[in-house]
Each structure stands twice: as C-alpha cells, then as structure tokens.
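The values are calculated or read from the model by the stated rules, or taken from the named source; none is laboratory data. Everything quoted here is computed from the prediction, not taken from an experiment. Don't worry about glycine lacking a Cβ; one is built from the backbone with ideal geometry, like all the others, and counts go over all protein chains shown. The protein model used for the area step is the full one, side chains on, heavy atoms only, and it has no ligands, DNA or RNA in it. Shrake-Rupley method; radii C 1.70, N 1.55, O 1.52, S 1.80 Å.
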Amino acid sequence: MIRLKASIVVCSYNQAPFLGRAIESVVEQQGCDREELEVLVIDGGSKDGSVEIIRSFEDRLTYWVSEPDRGQSHAINKGFQRSTGDIQGWLCSDDVLEPRAVRTVLDYFGRNPEARCFYGDAWLIDEQDRLIKPKKEIPFNWFIWR
C-alpha cells in the first residue's frame with residue numbers, strides 16, 4: 001500500500017464556541033502520525049476569541065493565520081495553496097470529523113491510487129456532539145463532479 005499524507009484545512013470566522021472542538025477532531029485523528037497528517041487553520045480575522053483557541057493548538061498545527069479573507073471558499077483555497085499533502089480536505093469550524101476519518105481516507109487512496117475523490121454521509125449533531133439525524137449524500141454522479 002502507498003503511504004500518503006493528508007492535508008486538512010479548517011476554515012473559520014467568528015466561530016469561537018465551536019472552533020476548538022473542530023480543530024481537536026482533526027489533530028486527534030486515530031491511527032495517523034504527524035508525517036501523515038498536516039492541519040492548517042485559516043481564520044478570516046475573527047474578533048471573538050478564536051485566535052486564542054487557535055494558539056492553544058499551535059504546536060499541533062502545520063500553519064495558521066487569522067486575517068480578513070473573501071469568505072469560506074477563499075479560506076479553503078488559501079489553505080490548499082499552503083498544503084503539502086497528497087490528499088486535501090477541509091472542515092468548517094462548526095463541524096467535527098469522526099475519530100478515524102482521515103485514516104479511512106488515507107487507507108482507501110493507498111489501496112486505490114486511481115481514485116480521484118472520496119466523500120461520505122454525515123451526522124447532524126448538537127453542541128454536545130449528540131447525534132440528531134443522519135445526512136445522506138447524493139449518489140456519485142460523474143456529471144456533477146466534472
């Protein structure tokens with residue numbers, strides 16, 4: 001199996017109540033070592049305490065910045081431009097990853113090097129991570145992904 005590296009960009013703007021949990025869900029990925037996972041946080045210049053939260057994870061982040069940007073897509077692209085991973089993904093600051101999500105993706109692409117994208121279903125959760133209901137994604141369609 002091919003050994004790959006994942007880059008996860010966490011984008012945020014004034015989401016202090018959720019940001020720490022989002023970052024933690026990425027840096028605490030089970031089954032991944034530091035050579036396999038880099039974490040980049042792109043904050044849009046928040047004024048709500050987000051910078052202090054980001055700084056508390058600074059030693060586990062590959063890169064972070066807090067400066068005005070042009071919104072979520074711009075923040076994600078800024079992160080991707082700095083990333084060095086073979087696989088790129090993003091997480092919005094009010095979301096969390098399942099504990100082995102990155103390991104699952106790395107293993108899948110390691111066994112299927114011809115694959116170009118990977119996505120899955122999600123769970124809607126409340127502020128205490130309690131499951132509310134599943135969110136099913138649409139079936140894969142080449143016309144949508146082209």
Worksheet entry | Accessible surface of segment 30-146, 1.4 Å probe, proportion on carbon and sulfur as whole % | 51
Worksheet item: To the nearest 10 Å², what's Lys135's accessible area with a 1.4 Å probe?
Response: 90
Worksheet item: Distance from the Cα centre of segment 1-64 to that of segment 100-133, in angstrom?
Response: 16
Discussion item. Suppose each label sits 7 Å from its Cα in the direction of the beta carbon; what would the Arg82-Asp95 distance come out to in nanometres?
Written reply: 2.0
Worksheet item: Just how much of Cys92 is accessible, in Å², when a 1.4 Å probe is used and the result is rounded to the nearest 10?
Response: 30
Discussion item. Output wanted: per-residue J couplings in Hz (rounded whole) for segment 30-37, from phi through Karplus 6.51 cos²θ - 1.76 cosθ + 1.60, θ = phi - 60°, x for Gly and Pro.
Written reply: 6, x, 10, 9, 5, 6, 9, 9
Discussion item. In whole Hz and in residue order, list the ³J(HN,Hα) couplings for segment 113-122 that follow from phi through the Karplus curve 6.51 cos²θ - 1.76 cosθ + 1.60, θ = phi - 60°; x for Gly and Pro.
Written reply: x, 7, 5, 10, 8, 8, 8, x, 6, 9
Worksheet item: For Phe118 and Ile144, FRET efficiency with R0 = 22 Å and r from the beta-carbon atoms, rounded to 0.05?
Response: 0.90
Worksheet item: How big is Rg to Rh over segment 56-120, alpha-carbon atoms, Rh as the Kirkwood inverse-mean-distance radius?
Response: 0.98
Worksheet item: For Ile2, what accessible area in Å² do you get when you roll a 1.4 Å probe over the heavy atoms of the protein chains, rounding to the nearest 10?
Response: 90
Worksheet item: What are the residues whose amide H is under 5 Å from the amide H of Val41, where those residues sit 5 or more places off or on another chain and H is modelled from the backbone?
Response: Val10, Tyr63, Trp64, Val65
